[in-house]
Structures are given as structure tokens and as C-alpha cells.
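The structure under discussion appears below in the form of C-alpha cells.
The values are calculated or read from the model by the stated rules, or taken from the named source; none is laboratory data. Note that this is a predicted model, so its numbers are computed, not measured. Virtual Cβ from ideal backbone geometry, glycine too; neighbours counted across all protein chains shown. Just the protein is used for accessible areas: all its heavy atoms, side chains included, with ligands, DNA and RNA removed. Shrake-Rupley method; radii C 1.70, N 1.55, O 1.52, S 1.80 Å.
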Amino acid sequence: MTDLKKQILDLMVLNRRLDEGHQYTVPSPESYPYQWFWDSCFHAIILSYFDTTDAKKELLSLTDKQFENGKIPHMIYWKKASETDFPVIEWGKEDTSTITQPPMLAYAVWQIYKKDLEKDGADEAKKFVSKIYPSLAKLYQYFLKERDPRGNNIVSIINPDESGEDNSPRFDIGLGLPPKQTIEINFKKRLELIAKNKECKFDAPNCMKNFFWVKDVPMNSILVENLKIMSDLAEILGKLEDADLYITQAKKITGGMRKLMLEDNIFWSVYLDPKKDTYEKIKVNTWAIFAPLFAGILTKKEADFVIKNYLTSDREYNGKFLVSTVSRSDPSFNPEGFWRGPVWFSVNWFIVKGLKKYGYNDLAKKITEGSLALIEKSGFREYYNPLTGEGLGAKNFTWGGLVVDMV
Ligand code: GLC
């Protein structure tokens, strides 16, 4: 095992927890002492390089707390909220939160399947897919049914935290905040929104209508890629009708995104303007413009456009440390702001996967090498200053482990 792989495995083991018979990984021992939904999907991808048994346990801890309607909560409190220093948030529930996160679950299952297939053959590999498939099906049906009440074929989030990018400037309009702001005011606004979400019982159609109605580009791109994978998983299990259904849904969402989000080669997140009752584009320049690459949603021409004019432009995203989450040209850019400029590993991972899909292998390699350089310089941190490479936020943070799946 290389040194780096060994460091990653040590970190995953350091952050591993076993509570109530459930094995999972905390993103950071001090700062994030619980289980998070999309983090656990990233963890499963990382763990699949070492031992798929651990990767499976991580995912089963998630599905154990799946709601009756199919939603998987974004946080699971295997320990009581009051037992740690993490802020206590009123979710209306004790053991989990009541909002969700980007549904990377099918992707993680697919990754495990591929590793098992190499090692143990098709029959063995199928077993886990078959076991977790009912939970997967419920999860994606939840997104398709509950998150698109008006049938626009794109799903909505009811709270910025559901995007996984809690403080991203894409949500400033929805929260009524200016591009320059403090982390405290942003947190206060999001807590106010959670109180309102509680009023509407976290029931998505009601919450959207009254409080926060955003259709986000990364969330929908991630959903499209995962629906395509659902189709492959269904096929592996011989469920051919399901396989058709999921591929059709992936196409519908791609179509919905083209209709409401696309302008001059760029996909923008949208919000519902309650006064006009129309969807308006949120033209805040963040990495979200690259997210559709991950799901192969962009045409070659559109991909070339965003890569040439944005990803590799010195005025926008190209710099010493790659890739900033917000363009340096955007008024909201803050090199130390939470999701408002710094480099995050999940974003680099999504972009690298997308670039490889379009044959931009040299650029993907450059971003991967840049990611490795960040770990070497500043260790496993939550995020990094894109101008200096300084490590920021939580320590012993797991997401750097995604580099095993980027090289
Ligand atoms: C922060 C991130 C979110 C992540 C969580 C745990 O809230 O914004 O994406 O899931 O930390 O790592």
C-alpha cells in the first residue's frame, strides 16, 4: 500500500464509530461527531478501495434510519445531540435531522458492486445490490414524487443545507442575504428557516411554497447520474421495467434542466419568485456551472464553453490551488468563507469525474495532482484557501480520502 493510501485508511479507522450495533464514519472527530448522508456515500466510495464490508456497513447504517416516505435524513445522531459540542438544532426529531442531502447512494452502491465483481464475481457482487435495492428505490421515488410538486421535472430543496453546500452564495437570494455577509448572519437565517420548515412539518411541497423554493444545479445533476446508475443496478437484478423507468426519469430531469436552467451554454440554479410565480435564474458564479459534466448533461459544445471560459480562465477558476468553489470574479467570493470560495474535495471529485467523461484527461489529472498537493501541504482539512493552500475548518476531515478514487 502506498503511503498516501495508508494515511487515508488510518484516518478512516480513526473516525470509525460503532454505536447501537451500527458502524459508520464521522467526517471529523471534533467538529462533526455524527453520521451525515452524503458524507457516508463518499466514505463508502473511499472504503471500497480497502474493504467493501466496511463500505456496506456504512451504507446500511444510513438506510436503517430511512423514513417511511423514503427520505434519508442528512444527519443521524447515534449519540444524543446534547452529548457533544455540536450545536443542538430543533429538527422536530431526536435521533435524526428532517432534511436530506444529495442522493449519492446509488453511486456508492455501484462502486461497491464494481469492486466486489472484480474480486468475487457476479453472483457474490449481486447480493449486496439486491439487499439494499428496496431502500434505493424508495429514496429515488421520494425525490421524484415529493420534490417536484408542479411536475417541472427538476427537484427542489427546502433548505440550503440539503445541497450539502450550506453557505453557498447560490442561496443568498432565497435567504434574503447580500453577497458579502458574516457566517453568523448566514447561520441565523438558516436556523430561522429550519424553524419555518418545522412549521410546515418538513413536508417538501408545503415548505417550498411558503419559505424556500430553489432548484439547484448540482442536486439535479447528482440525481440524474444516480438515476442512470439505478437503471444499471435494476438491470443487474433483472428488473428490466425498473431499468427503463429510471433511465426515462434521468432523461426527463435532463430535459427539465435544459428548459428552466440553461442560458447561453450555462446551467444556473433557479428559484421561484413568489410575486411573479416564475422560476428565475440565480446568476451567481459558482462551481455549480461544472456540475452537469458529472452527469453527462452538457453537450460537447457546452462543455468546451464552460471549461474554456470558466474552469481554465485565470480570471475565474484557474489559480494556484484548484478548484475554488466560487469564481474569483463573483462579488461573493471569499477565500476563507464557508462554501464561498475555498477548495472542497467533494467538488474536485465531481469535476474530475465529469472531465474524464468528456475526455479532458489532462485537466482532470491537473486537478487531481492539485488535490494531492493540498493534502501534502496542509493535511486532511475540511476546506482550503484557494489563494494560499492553507487548510481551514475541521481537522482530520475524511473527504480528502476521495483522492483514492481520482487518481
Ligand atoms: C458541513 C458541510 C456538509 C457536510 C457536513 C458534514 O455541514 O457543508 O456538506 O455534510 O458538514 O461533513
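Listed here are the residues, each with its yes/no results for (1) touching an Asp or Glu at 6+ places or on another chain (Cβ under 6 Å); (2) within 16 Å of the ligand (Cβ to nearest atom); (3) part of a helix (DSSP H, G or I).
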position: LEU11; (1), (2), (3): no, yes, yes
position: LEU18; (1), (2), (3): no, no, no
position: LYS57; (1), (2), (3): no, no, yes
position: LYS65; (1), (2), (3): no, yes, no
position: PRO73; (1), (2), (3): no, yes, no
position: LYS79; (1), (2), (3): no, yes, no
Checklist entry - Given the conditions (1) in contact (Cβ under 8 Å) with a residue 24 or more places away in the chain; (2) under 30 Å from ILE132 (Cβ atoms); (3) assigned to a helix (DSSP H, G or I), and given that LEU193 satisfies all but one, which numbered condition is not satisfied? => result (2)
Checklist outcome for this item: So, first residue closer than 18 Å to LEU374 by Cα in the stretch 1-20, second residue at pLDDT 95 or above and of a type in the set (Gly, Ala, Ser), Cβ within less than 7 Å, six or more apart or across chains; the pairs are ILE8/GLY401; LEU11/GLY401
Next on the checklist: Yes or no: the stretch 81-93 includes at least one residue that is under 28 Å from ALA137 (Cβ atoms), more than 16 Å from the ligand (Cβ to nearest atom), open to solvent by 10 Å² or more (accessible area, probe 1.4 Å) and not aromatic (Phe, Trp, Tyr).
Outcome noted: yes
Checklist entry - Name the residues in the stretch 334-363 that are surrounded by fewer than 22 Cβ atoms within 10 Å (Cβ to Cβ), at negative phi and more than 16 Å from the ligand (Cβ to nearest atom), would you? => result PRO335, LYS353, LYS356, LYS357, TYR358, TYR360, ASN361, ASP362, LEU363
Checklist outcome for this item: When (1) over 21 Å from the mean Cα position of the chain (by Cα); (2) in a helix (DSSP H, G or I); (3) crowded, with 18+ Cβ neighbours inside 10 Å are applied to GLU124, the one that fails is (3)
Checklist entry - Can you name the number of the only condition in (1) in contact with a strand residue (DSSP E or B) (Cβ under 6 Å, 6 or more places away or on another chain); (2) modelled with pLDDT of 95 or more that GLU235 fails? => result (1)
Item to check | Wholly within the stretch 215-308, helices (runs of 4 or more DSSP H) carrying at least 3 residues that are of a type in the set (A, V, I, L, M) | outcome: 217-236, 240-261
Checklist outcome for this item: Counted residues in the stretch 20-39 being among the small types (Gly, Ala, Ser) and either modelled with pLDDT under 95 or away from the ligand (no atom under 12 Å from the Cβ) (or both) come to 1
